[in-house]
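Just so it is clear, none of the values below were taken in a lab; they were calculated from the coordinates. All of these numbers come straight from a predicted model, not from anything done at the bench. Ideal geometry is used to build each Cβ from the backbone, glycine not excepted, and the neighbour counts take in all protein chains shown.
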Amino acid sequence: MNTGTLHHPVMLPQIISALAPKDGDYIIDATFGDGGYSKSILNHANCFVAGIDRDPDAISRAHAKMQEFGNKFTILEGSFSNIERLTENTPFNRPDAIVFDLGVCSTQLDEAERGFSFKYDGPLDMRMSKKGESAADVVNSISESKLANIIYNYGDERASRRIARAISARRAQKPLIRTAELAQIVRSVLPRAQKGKSDPATRTFQALRIYVNNEIDELCDALLASERILQEGGILAVVSFHSIEDRIVKRFMRERAGLSSQPSRHQPFQSDIKPTFRLSPQRPISPEADEIKINPRARSAKLRIAIRTAAAAKKAFNKHEMVRGRS
Ligand SMILES: C[S@@+](CC[C@H](N)C(=O)[O-])C[C@H]1O[C@@H](n2cnc3c(N)ncnc32)[C@H](O)[C@@H]1O
């Protein structure tokens, strides 16, 4: 069942202004979703767009929705961490811009059968690609301490141990298979949500979704790949929705722009290593109040933009430091 909310592309005017599409450009929309960004980019200039998504439903939507653009638009099914392989031997292998709009779309969240949301009862699934281990597989099989760590690290949830203990007690009786069951367990552990505050289940659902979809590794690998393939002057634009994602994007961009105050122990700053990006602007862009009124899901969005320099791409960074390390 789809509960029917419309998908609003987040910060669309700011994205178009950041990408500034020009005739002949090759632009990668690494999170095609409902195609909001792709369509708008193609309507702005006589350019070419490749959309990437790992959700087979998004791929079907692309085939149906993007026909009007003919050979100006290409859809590629896969994970954005594989952006190099997905675009190799195509003109998109040296793109003019890459845009990421991280996380899930309203379309996925509002589809109860996908199991992403605590608001609707559905199977505890959460797999963007519809392949691999589902959230039910995870909550019913991994150790209580690992579950607590996931909820703590990916949900910033202080009650992670109590939640993991309650899940463990419940699954000892019968496996957890529905989103409503999981939401009810979390709510039974945490005090009721106050008016205006988010549902207590929000952080646990976010944590499981990040784990099931390997979102942290995906993001780190995609940023590194973007650095390798963007041409000089190419634009990297990333919209993130929670502090864990934003911290990674911020640290990556600042480090690559030579601005990090404390260089990595694993990759000490060397004066002969030239910045591979410059930040433009230096600070993240947030949505306007009017947008948040129409689309409350935009409220936590942050857009960060960086421009590729001519310097050679650097080596990989230490992922642990990017996620948890010093600011
Ligand atoms: C927030 S939506 C993008 C919405 C899009 N900007 C629009 O205007 O319609 C994010 C999309 O990215 C996809 N996605 C998330 N992580 C991905 C990954 N690692 N690889 C490929 N697609 C991913 C999701 O399946 C989802 O369709």
In nm, the gap between the two label points placed 7 Å beyond Cα toward Cβ at residue 280 and residue 121 is 5.3
Filtering GluC sites (Glu not before Pro) in the stretch 197-246 by DSSP loop and by at most 13 other Cβ atoms within 10 Å leaves 232
Per residue, the convex hull enclosing the alpha carbons of the chain has a volume in Å³ of 137
Mean-square fluctuation maximum in Gaussian network of the chain, Cα pairs under 10 Å, restricted to 296, 287, 91, hits 296
Plugging the Cβ-Cβ distance of residue 137 and residue 64 into 1/(1 + (r/R0)^6) at R0 = 51 Å yields, to the nearest 0.05, a FRET efficiency of 0.95
Within the chain, the percent of DSSP beta bridges that are antiparallel, given to the nearest 5, stands at 40
Between residue 315 and residue 22, the FRET efficiency computed from the C-beta separation at R0 = 22 Å comes out, to the nearest 0.05, as 0.10
Contour minus Cα-Cα span, residue 129 to residue 294, at 0.36 nm per residue, comes to 56.5 nm
Restricting to lysines and to Cα separations under 18 Å from residue 197, and discarding same-chain partners fewer than 8 apart, the set is 119, 293
Once the in-chain neighbours fewer than 8 apart are removed, the lysines whose Cα is under 25 Å from residue 72 read 22, 39
Summing +1 per Lys or Arg and -1 per Asp or Glu among the other residues with Cβ less than 12 Å from residue 37's Cβ gives -3
So residue 8 and residue 197, fully extended at 0.36 nm per residue minus their Cα-Cα distance, gain in nm 65.8 nm
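Starting from 0.36 nm per residue, how many nanometres of slack lie between residue 71 and residue 158 once their C-alpha separation is accounted for? Mind dumping the intermediate values first?
Working: separation 87, 0.36 × 87 = 31.32 nm, distance 4.97 nm.
Working it through step by step, the gained length comes to 26.3 nm.
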Distance in nm between residue 168 and residue 217 label points, each 7 Å along Cα→Cβ, equals 2.5
Taking the chain and counting helices only, DSSP H stretches of n ≥ 4 at -39,500 (n - 2.57) each over all residues, the nearest-500 ellipticity at 222 nm comes to -11500 deg cm²/dmol
